[in-house]
Each structure stands twice: as C-alpha cells, then as structure tokens.
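Notes follow once the structure below has been shown.
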Amino acid sequence: MMCLRTLSDSVVHSPHPENRMHDPSSEPRRSIYYQYQVRRPWLASQHGPQPRHPVVIAGGGPVGLTAALELARHGVPCVLLESELQVSEGSRAIVFTRRSMEILQQVGVSGRVMQHGLPWRFGNSFYRGQRVFRLEAPHDDNDRFWPMINLQQQYLEEFLVDACEAHPLIELRWGNRVSGLVQQAGHAVVEVDTPEGPYTLETEWPVASDGARSGIRALLDLKLEGASYEGRFVIADIRIDLPLPTERLAFFDPDWNPGNTVLMHREPMNIWRIDYQLPEGETPEEALSMPSLQARINAQLEMIGQGGKSWEMDWCSVYSARTLTLPDYRAGRTLFMGDAAHLLPIFGVRGANTGFQDAQALGWRLGLVCSGQAPESLLASYSAERVGAAREIIEEAGKSTRFMTPPSRGFRLLRDAVLSLSLNEPFVRPLYHWRTSRPHEYTGSALNCAGDDNALFQAGPAHGAPPANVRLGDNDFLLDHLGGGFDLLVFGQHVPADVAATVQSWKDRGLSLRLLLVGQGGAAPGVDVCLADTQGRTRARWGVKTDGAAYLLRPDQHVCARWMALDAHRLNAALKQAITGVAA
Ligand SMILES: Cc1cc2nc3c(=O)[nH]c(=O)nc-3n(C[C@H](O)[C@H](O)[C@H](O)COP(=O)(O)OP(=O)(O)OC[C@H]3O[C@@H](n4cnc5c(N)ncnc54)[C@H](O)[C@@H]3O)c2cc1C
C-alpha cells in the first residue's frame, strides 16, 4: 500500500511548482570570526534524469555529512540533501570526544580538527569561590587523541563538507529541502523543494538526518519519548582575551546568579563560551536583550577576576535540556540518526558526539545491505544498538542535568546539600563528576558471536566494545590500521592456514575483510598487514596472553568476537552472525 504524506499538513503535493518554491537565505550568516561561504543551489533543470539512488540522506549537518562519508567508505554512493546554502549558525557543538575523533579519523577530517582545535582534559567545579572538584579525564600514551578537543561546529561542518565535495560517490545538493516522502515496498520517493520548484527522486533507503525539528519525523508521525527540563540557559559566545587554560569551568551558585549554574569553555579564535542558567520565569526575549547579556557576562567576568576587560558578542541563544529518543530508528524504509532520532542535553557534550556513532553504526550496515552481502534484517541491529545507546546516555545525562538544573524542590535540596558539604567534605566531591559522553558498548548485541571465548579473557575490549588504541611508534597507532571493513587481528608469529584460507574465501565473495598479524612486523603470506608489537603493548592492552589469540572487529571497529584460539569453523560462525544477527 502506498502512503503519501507531506511535511506540512496544509501542503499537498502541488501540480504548480511555483507553490513549492524553497527560498533559503543567500545572505552569509554573521560572525565576528567565521566567514560563511554561501553555496549555489543544486537545480534539477541543470541535470539529466534522476536514476534511483541507493541512499538519499536528508540533512547535511555534522551527522548527515559524516554518514555520507561513511557510506562512501563502504562503496555506497549517496545523495545528500541540505536545505540551507551554508553551514550552521553559531558555534553550537564545541566539544568533541576522543571517540568522535577516532570516527572523524576514519572519514578523513581528524587532521584538520587537530590543526584548528584546542585539546584539553581537566574540568573544574567551583562553589562559593572555592574550587571543590578537579577532574582529570584519563589520557594514556597509547591514545592518539586527547579526551576532548574544542572546535566550533561551523569549522567541523566545513571540513566535512570539503571531504564530501571531494568524494566522487557523494552528491551534496545545497538548497534542497525534503518536503515529502512516499514509502513503497522496495523503495521510497522523496519530494524535494528547491529555489526553482520541486522535483522527486527515488531511493532504496531514505535517511533522516534533518535535526532536532526533523520534518521527516513529523511526516511519519513518529513521537520522541522521554523528558524535557524546565531550566533554561543562555549560551553566549564572546571574543575576549582571557589568560586561562583550555579547561572546563563550572560555577555552582555564584553570587551574581544565586542558586544557578554557569559554565565556561575556551574555543579557538579567542572565543569563550559562557552558559548561564536563567532564573525561573525569565523569557528568552528578556534573557537575550543586550543590557541583560552585558550585565550578566560582566558579572561573570568580574567574579573570575577579569572584570573591566572589553569583549565582543558573536552569537547567543537560549537552550533547555531534553532527554528524548525515538523508540525505533527504522520506520519502513526510513532510517533515523543524530538529532532527528534523539535529543540529548549539551551538558556532557552528547548531541553531536552521539550522532557520529549513529552515522558510523549505520554506514557499514547500509553498505552491506546495499551491496547484497547482508539481509535487510541487519538494519534491525542498528536500531537496537543505537536506541540502547541513547537510553543509556539519557540515563546518565539525566543525572548531570538534574545536578545542573534541579527539576524539583527535592532535587534542589539534595544538590544544595552536596554543594555545601563539598566545601569541607572531600568524599562528596565526586558527585560533581560531569559524566561526559562516552562510546556505548554493544554488550548484548545480536551481532556478538555466541560461541567464542569472550568470557575467558580477563582484559581487553570485550563483546561490543570499541577498540583500545595502542601506540606502535612515534606517530603510528593501532587504530590507524583498522576500519573500513571487518578486521581480523591474529596475535603471534603466523596465521593458521585454514584461517587464512577462510579470510580469502570471504574476500572472494566480496566482503571487505582484512587480516592483520600482530607480532614481529615484516610480511607474511596471505596477511594484509603485519604489525610489530615488539614491546607487547598491544597484547597487554588487549588482554592477550598466548600466541594464536584473535579478535574480530566489525567495520565500525567494535569487537564482535574474540578467541583464545581460532579455526576456520569458528571464524565462519562469527562472520555469519555479524552479518545476519543470527547465531550460526
Ligand atoms: C547551543 C548548543 C551547544 C551544543 N554543544 C554541543 C557540544 O558541545 N557537543 C555535542 O556533541 N553537541 C552539542 N550540541 C548539539 C549538536 O549541535 C547537535 O547534536 C548536532 O548539531 C546534531 O547534528 P545533526 O546533523 O543531527 O543535526 P543538525 O546539526 O541540526 O543538522 C540538520 C541539518 O538538516 C538540515 N535540514 C533540516 N530540515 C531539512 C529538510 N527538510 N531537508 C533537507 N535538509 C534539512 C538543516 O539545515 C541542518 O543542516 C549543542 C547544541 C546547541 C544548540
């Protein structure tokens, strides 16, 4: 049965194109430090007939752009439709985690982020002028990336756009707004409005990455589940020269904003983010008036001993926390990701950082489904894993959010008790822990091998975990060698002949699978990469005690099987389960 819905109930598919004109702004957005580039809209009249595309992504924010690059890495061409003609307004996401950097490394933009971003790892919480908690995020010599790096979202989007535009498998269409969707048995028809009127295009898999106010979510009548918090924050980016390091600063109950919270972060280009909570009942209009902004920002600067310094406003907005997710990220043939799928509080930097993991988790699965190597049912595991991740994040984020902006009198009393106790009692200070975004471990995933030796390992990344990085040389890390397809890591001096033959037979059937021998380095027949682990660092971090142990990683680098000893039968079983979700 055919189902035709349009984004706005009042707009029905119109035979008159002029009624469906999309008019994105061609005025560059204003910023005192970032120069917006306005792109030309993609117009159907300048192109030939449209074939059916394997994947069409709606929304070219950080998540849609990353998904396009992921798909391209797995050999799937896609059309990426972006309604605007330029990257996003204001800095928005400014803190990116180590795992996000590892994902961005896979799609080729981590170098530019490192070049422009500000890495950091300390967070400080202050109460009544006293520092009551200092958190040091773990940072190992084995990690290529810092726990956090600060960079404004516009820059990250620009880097991703450049990578997309340089990729022959990605067609990025600016000024193209998805306005309708018809889902049919084996494909969907996407209706797109442009500055010259509408056109339609067919796709096997529409992907909704159209942000927090997802029109596609509304179109399919899908409801987010969860909570919205009342506390409102002003987010202000100012240019100012402050002699402070790049660390997170959180101020609880400051004199100038009693009972409320203030956060500060350094951004590149001498920009500082100041987030402050508003008293109950204050409207966004009142909060964003210039006199109000000036008085509060000056009060904060005064409080940190930087009063009287001149500053300039770049961007400001009002924000309130929500912990919401769709219960299923697949609706018919449409797949959801990023803010279109879930809304997470910015405390703990969860929005974009979670979205990158969605993009990575969807990319390889769609790659296998589109190339006919995996059944459509593999996509059910995308939804199960990522909804599970969102729910875990919501649980954790809820704790931070309730601490930052207590939702009731009871929570406030508790929070205030912790604050005052923390002045003299060190044991309560860990309650300030900000619980930053971290990668989800797909411990119970249907793709994890049922009959391997996971339970026998005493250390190392377990079922569903992301990989642990290891320094192999000055500027050479284990993760530099992983990803893009399945990776089989065999530890020892050689790969058993039946295992090598099995790898080859999967490759012959078109599966992207690489065989890596972690041992002496050099070369070995049938092995794609020989890594030298002469100091045994990889063995130690991966919990390997004997030669012959092995790990199988999915294309998103999460572990799906590990063995003390491997043979052809065990490898076949693990690969079949990772591709079908059914235990062999
Ligand atoms: C003030 C603020 C601070 C934040 N700080 C952080 C942080 O430090 N760390 C973090 O991880 N996250 C942070 N976030 C959240 C982060 O910005 C979002 O989670 C992230 O932008 C989500 O990316 P997305 O690609 O899913 O959606 P978006 O960035 O919203 O992108 C959606 C895109 O879809 C386009 N679009 C919309 N409708 C259509 C349509 N019908 N057709 C075609 N295109 C369409 C839009 O133009 C947009 O480009 C912050 C957010 C805010 C507001």
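The values are calculated or read from the model by the stated rules, or taken from the named source; none is laboratory data. Remember, it's a predicted structure, so these values are computed and weren't measured experimentally. Cβ atoms come from the backbone with ideal geometry, glycine included; neighbour counts cover every protein chain shown. Heavy atoms of the whole protein, side chains included, go into the accessibility calculation; ligands, DNA and RNA do not. Shrake-Rupley method; radii C 1.70, N 1.55, O 1.52, S 1.80 Å.
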*When you go through 138, 77 one by one, which is the residue that is surrounded by fewer than 18 Cβ atoms within 10 Å (Cβ to Cβ), closer than 20 Å to residue 59 by Cβ, more than 18 Å from the chain's Cα centre (by Cα) and away from the ligand (no atom under 14 Å from the Cβ)?*
77
*asked:* When the residues of segment 81-104 are narrowed to those that are more than 9 Å from the ligand (Cβ to nearest atom) and among the aliphatic types (A, V, I, L, M), which ends up nearest to residue 441 (Cα to Cα)?
replied: 103
*Please find, among 90, 64, the residue that is of a type outside the set (A, V, I, L, M, F, W, C), surrounded by 21 or more Cβ atoms within 10 Å (Cβ to Cβ) and farther than 28 Å from residue 139 by Cβ.*
64
*Within segment 38-58, how many residues are without any contact (Cβ under 8 Å) to a residue 60 or more places away in the chain and surrounded by 12 or more Cβ atoms within 10 Å (Cβ to Cβ)?*
1
_Enumeration of residues in segment 528-548 that are in contact with a helix residue (DSSP H, G or I) (Cβ under 8 Å, 6 or more places away or on another chain), assigned to a loop (DSSP other than H, G, I, E, B) and surrounded by fewer than 20 Cβ atoms within 10 Å (Cβ to Cβ)_ = 545
*Answer residue from segment 307-350, given it is within 10 Å of the ligand (Cβ to nearest atom), of a type outside the set (A, V, I, L, M) and open to solvent by less than 20 Å² (accessible area, probe 1.4 Å) and is farthest from residue 294 (Cα to Cα) among those*: 336
*Does segment 187-220 hold any residues that are without any contact (Cβ under 8 Å) to a residue 60 or more places away in the chain and not β-branched (Val, Ile, Thr), and which are they?*
213
*Given the residues 390, 397, 359, which is the only one that is open to solvent by less than 10 Å² (accessible area, probe 1.4 Å), more than 30 Å from residue 128 (Cβ to Cβ) and at pLDDT below 95?*
390
_Single residue of segment 54-74 satisfying the filter (within 15 Å of the ligand (Cβ to nearest atom) and not in a helix (DSSP H, G or I)) that is nearest to residue 273 (Cα to Cα)_ = 61
_Restricting to segment 186-241, and then to whatever is among the polar types (S, T, N, Q) and away from the ligand (no atom under 13 Å from the Cβ), can you tell me which residue is farthest from residue 285 (Cα to Cα)?_
203
